Amino acid sequence: MDIIHAKTELSHRAANEQLLGGCQSEVAALRERLVSIIAAVEAGIDFPEEEIETTTGHPLTDEITSVLQSVEDLISSHRYGRVLREGIATAIVGNRTWASHRF
């Protein structure tokens, strides 16, 4: 329906990308990154005596921060997409008294 009701070329492209699963693939990629982080942390906790190479400390914090930033970017893009899809309600307000003056 978004493609049918698109009013601009940009909103049409955004609707088409959504139809092709653009957002879904981004969410799936973020999920995979989070699962990988969780697996690494759990392996370090469950098998501390094993020589399993796990990410800890700053690299782990950096990866979590990167995922969080990606989620925030995705949320921001949703807001932008909503504006593309629905438009922005505007009101043009003014005072007509200036029209009665002679220049």
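Here are some notes:
- Proximal charge balance of L68 [Cβ under 15 Å; K/R count +1, D/E count -1]: -3
- Within the full protein context, the accessible area of D62 is estimated at about 100 Å² for a probe radius of 1.4 Å.
The values are calculated or read from the model by the stated rules, or taken from the named source; none is laboratory data. Keep in mind that this is a model prediction, so the values were computed, not measured. Counting neighbours? That spans all protein chains shown, and the Cβs are built from the backbone with ideal geometry, glycine included. Quick note on the areas: whole protein, heavy atoms, side chains included, nothing else; ligands and nucleic acids left out. Shrake-Rupley method; radii C 1.70, N 1.55, O 1.52, S 1.80 Å.
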